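Please treat every number below as a calculation from the coordinates, not as lab data. On a predicted model such as this, the values are computed, not experimentally measured, just so you know. No Cβ is skipped: glycine too gets one built from the backbone with ideal geometry, and neighbour counts run over all protein chains shown.
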Amino acid sequence: MSDTPRVGVLALQGDVREHDRALRAAGAEPVHVRRLADLERLDGLVLPGGESTTISRLLEVFELLEPLRERVRDGLPVYGSCAGMILLADEVLDGRPDQQGLGGLDVVVRRNAFGRQVDSFETDLAFEGVGDVHAVFIRAPWVESTGEGAQVLARVPEDGSAAAGRVVAVRQGHVLATSFHPELTGDDRVHGLFVQMVKEAQ
Ligand code: GLN
């Protein structure tokens, strides 16, 4: 087992560099993924935040959609934040009709769920297996419902808001997803959890 796993960061659009930094801090070597050849010798993959409809279109243009679906199906550990969560969900509500995803996560995700008025906010939440985390949400999705295989790792705290209790972090085996952006806060424990998953899969 390698001490420094090679973790791909899908680098078509979105906050790629922030994930590079967080992965390095968590003990992994980030590798940018833009074309098929970049998928070789990856131990894991991160799908960054950004705009899921744009990333979806670029995945088709760069002919990465089907190969990535296959890798996720074959058990490649993958972590998606925000737009990345949308790409991993088996079902997306309020998406664009032509929007494509990788799937792998037995959840229904609602895109831009927190609404336009308060589309970005921050809160502290309890993250299973990690501890208290400061979560930054930017036009984020939430998990509307989870299927049997998906484990809930975090919810919006019961703060009286419309989003109280909503599921915002889930794991299904080798697939991890958060509605929020741990890569933006300088706290690398969520990436640490993912790097741990990657090492366990090796
Ligand atoms: N609203 C974006 C989408 O639909 C996600 C926002 C984000 O990744 N910060 O893809």
Original post:
Of the residues Gly173, Gly165, Gly192, Gly186, which is surrounded by fewer than 17 Cβ atoms within 10 Å (Cβ to Cβ), within 15 Å of the chain's Cα centre (by Cα) and not β-branched (Val, Ile, Thr)?
Top reply: Gly173
**OP:** Determine if the stretch 130-152 includes at least one residue that is surrounded by fewer than 13 Cβ atoms within 10 Å (Cβ to Cβ) and either in contact (Cβ under 8 Å) with a residue 60 or more places away in the chain or closer than 16 Å to Gly49 by Cα (or both).
**Re:** no
**OP:** Check Ile55 against each of (1) closer than 20 Å to Val152 by Cα; (2) within 12 Å of the ligand (Cβ to nearest atom); (3) among the hydrophobic types (A, V, I, L, M, F, W, C) and name the one condition it does not meet.
**Re:** (1)
Original post:
When the stretch 109-129 is examined, which residues are found to be surrounded by fewer than 16 Cβ atoms within 10 Å (Cβ to Cβ) and either within 15 Å of the ligand (Cβ to nearest atom) or under 15 Å from the mean Cα position of the chain (by Cα) (or both)?
Top reply: Gly115, Arg116, Gln117, Val118, Asp119, Ser120, Phe121, Glu122
Subject >> Cross-chain or 6+ apart pairs with Cβ under 6 Å, the stretch 62-73 first and at negative phi, then among the polar types (S, T, N, Q) and outside any helix (DSSP H, G or I) >> reply: Leu65/Gln100
Subject >> Any pair with Cβ under 6 angstrom, 6 or more apart, that starts in the stretch 75-103 at a residue that is free of Cβ contacts under 8 Å to residues at least 60 places away in the same chain and ends at one that is assigned to a strand (DSSP E or B) and of a type in the set (Val, Ile, Thr) >> reply: Ile86/Val92; Ile86/Val109; Glu91/Val108; Val92/Val109
